[in-house]
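Shown next, in structure tokens, is the structure this report addresses.
The values are calculated or read from the model by the stated rules, or taken from the named source; none is laboratory data. Since we're looking at a predicted model, the values are computed, not measured. Every residue, glycine among them, receives a Cβ derived from its backbone with ideal geometry; neighbour counts consider all protein chains shown. Each accessible area value is taken on the protein alone, full model and side chains, heavy atoms only, with ligands, DNA and RNA left out. Shrake-Rupley method; radii C 1.70, N 1.55, O 1.52, S 1.80 Å.
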Amino acid sequence: MTDRLGELTAAGVAVWLDDLSRVRLSSGGLDQLRREKHVAGVTTNPTIFAKALGDAAEYDWQLRDLATRGVDLEEAVRMLTTYDVRWACDVMRPSYDGSAGVDGRVSIEVDPRVAHDAEKTVAEAKALWWLVDRPNLFIKIPATEAGLPAITATLAEGISVNVTLIFSLDRYSQVMEAFLAGLEQAKANGHDLSTIGSVASFFVSRVDSEVDKRLEKIGSTEAKSLLGKAAVANAQLAYERYNEVFSSPRWQALAEAGAHPQRPLWASTSTKNPDYRDVVYVEQLIAPGTVNTMPASVVDAYADHGETRPDTISGSYDAARGVFDSLAAVGVDMSDVIGVLEREGVEKFEASWQELLDGVRDNLAAAKGKQG
């Protein structure tokens with residue numbers, strides 16, 4: 001049988017799983033993915049935790065203990081989620097050790113309700129880092145305007161960061177600037193740069209969803225010819241900027257001090273449009289030094305029928321710019337698209353966080369009722 005995920009890994013793409021649950025942990029499913037399907041990292045978000053906590057009885061014992069202790073709701077959520085992430089870090093530790101700390105990472109997100117408050121974001125990041133207490137942890141910080149200084153300040157503390165919710169090229173450039181500044185401050189603070197990791201999560205399918213909606217509304221032949229092209233073009237141009245920044249003298253000085261580059265991570269890689277090939281956002285975004293975080297369904301789909309070609313990004317930059325020129329010509333305002341996506345991204349995570357809080361509140365009440 002063809003080892004398609006092995007081929008993808010050999011092409012320089014780290015395969016990460018965009019999912020986590022206590023069932024996946026206790027069943028050995030995550031470890032099996034690590035051993036058999038080349039999964040080398042895990043990402044989580046409030047939506048994933050809300051689903052996991054709503055679906056399983058695996059959390060009942062901990063909920064009973066938390067109810068017995070009378071902890072408040074916020075602490076209960078932190079205890080439940082950090083327990084899973086700590087366990088996942090331990091499962092992924094062989095990947096971390098085997099890659100000199102590059103892979104084997106597990107991400108946990110700061111409370112999205114503080115995404116527009118830099119000081120609270122940093123405080124939350126430090127608390128989560130202390131609670132999980134594993135070197136292969138990533139703290140996820142949204143790339144909002146307030147998130148940028150928080151990214152720098154968190155890295156300066158020696159804490160590894162997954163920057164999430166990146167949609168625009170300009171914001172991505174700001175994220176890389178925040179990363180470089182953070183490492184420079186970390187070095188000045190005496191931290192070992194070789195232990196600090198970072199990825200920049202560039203969202204993919206959501207861009208097509210928003211742009212395609214506008215193209216369908218425009219309805220012309222020219223507009224419809226651009227359906228399904230914006231997201232990949234956006235990511236390809238992000239990789240061009242990545243190469244520019246991480247070949248600069250400023251970066252070389254940090255690399256000589258032991259730093260690892262902040263890899264681009266392709267997020268939101270499941271196709272929202274059933275007319276599109278289910279692995280399109282993997283196949284068209286293959287390049288060395290990248291990460292692709294996939295839901296389990298996409299991992300399985302790629303293992304079944306993914307086609308790995310060496311570097312499907314480099315050399316595509318002029319064509320990608322042509323896509324953006326054509327989008328502008330038919331009347332798609334990409335700056336407005338990006339604004340909508342960033343705002344909706346934070347709002348969606350806030351809604352999921354509230355769903356998570358509500359679910360834990362109900363479960364704590366139920367556990368307390370059983371004790372009575």
If we scan the stretch 242-262, do we find a residue that is on the phi > 0 side of the Ramachandran plot and open to solvent by 20 Å² or more (accessible area, probe 1.4 Å)?
yes
If you take just the helices (runs of 4 or more DSSP H) that sit entirely in the stretch 64-172, which of them hold at least 3 residues that are at positive phi and in contact with a His (Cβ under 6 Å, 6 or more places away or on another chain)?
none
Residues being open to solvent by 70 Å² or more (accessible area, probe 1.4 Å), among the hydrophobic types (A, V, I, L, M, F, W, C) and either under 21 Å from the mean Cα position of the chain (by Cα) or modelled with pLDDT of 95 or more (or both): count how many of those fall in the stretch 60-99.
1
Sort out which residues of the stretch 210-235 are of a type in the set (Gly, Ala, Ser), touching a helix residue (DSSP H, G or I) at 6+ places or on another chain (Cβ under 7 Å) and either open to solvent by less than 10 Å² (accessible area, probe 1.4 Å) or closer than 22 Å to residue 318 by Cα (or both), and write them in order of number.
223, 228, 230, 231, 233
Return yes when residue 311 is open to solvent by less than 80 Å² (accessible area, probe 1.4 Å) and either of a type in the set (S, T, N, Q) or over 19 Å from residue 240 (Cα atoms) (or both) and no when it is not.
no
Residue, modelled with the lowest pLDDT, within the stretch 100-119, restricted to residues that are acidic (Asp, Glu) and closer than 19 Å to residue 157 by Cβ
111
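Take the residues in the stretch 7-57 that are of a type in the set (Asp, Glu) and more than 21 Å from residue 352 (Cβ to Cβ); name whichever of them is surrounded by the fewest Cβ atoms within 10 Å (Cβ to Cβ). Step through it out loud before you land on a result.
Residues of the stretch 7-57 of a type in the set (Asp, Glu): 7, 18-19, 31, 36, 55.
Still in the list and also more than 21 Å from residue 352 (Cβ to Cβ): 7, 31, 36.
On the way: 7: 18, 31: 17, 36: 11.
Here the answer is 36.
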Conditions first: (1) open to solvent by less than 40 Å² (accessible area, probe 1.4 Å); (2) among the aliphatic types (A, V, I, L, M); (3) in contact with a Lys or Arg (Cβ under 9 Å, 6 or more places away or on another chain); (4) more than 20 Å from residue 278 (Cβ to Cβ). Residue 238 passes all but one, so which condition is the exception?
(3)
Is one or more of the residues making up the stretch 106-113 under 18 Å from the mean Cα position of the chain (by Cα) and open to solvent by 40 Å² or more (accessible area, probe 1.4 Å)?
yes
Every residue from the stretch 187-200 that is within 24 Å of residue 41 (Cα to Cα) and either part of a helix (DSSP H, G or I) or hydrophobic (A, V, I, L, M, F, W, C) (or both)
193, 194, 195, 196, 199, 200
Give me the pairs: first residue in the stretch 206-225 and farther than 19 Å from residue 343 by Cβ and in a helix (DSSP H, G or I), second residue open to solvent by 40 Å² or more (accessible area, probe 1.4 Å) and of a type in the set (A, V, I, L, M, F, W, C), beta-carbon distance under 7 Å, and six or more apart or on different chains, which are they?
215/227
Applying the selection to the stretch 205-222, what residues are in contact with a Lys or Arg (Cβ under 9 Å, 6 or more places away or on another chain), closer than 20 Å to residue 166 by Cα and among the aliphatic types (A, V, I, L, M)?
211
If I ask for residues that are touching a strand residue (DSSP E or B) at 6+ places or on another chain (Cβ under 8 Å) and either open to solvent by less than 30 Å² (accessible area, probe 1.4 Å) or at pLDDT below 90 (or both), which ones from the stretch 324-345 would you list?
341, 345
Looking at the stretch 120-143, which of its residues are over 22 Å from residue 269 (Cβ atoms) and either modelled with pLDDT under 95 or hydrophobic (A, V, I, L, M, F, W, C) (or both)?
122, 123, 125, 127, 128, 129, 130, 131, 132, 137
Working carefully through the options 275, 300, find the one that is open to solvent by 40 Å² or more (accessible area, probe 1.4 Å) and either under 20 Å from residue 104 (Cα atoms) or under 19 Å from the mean Cα position of the chain (by Cα) (or both).
300
What pairs come out if I take residues in the stretch 346-372 that are in contact (Cβ under 8 Å) with a residue 60 or more places away in the chain and crowded, with 19+ Cβ neighbours inside 10 Å and pair them with residues that are part of a helix (DSSP H, G or I) and of a type in the set (Ser, Thr, Tyr) whose C-beta lies under 6 Å away, six or more apart or interchain?
352/47
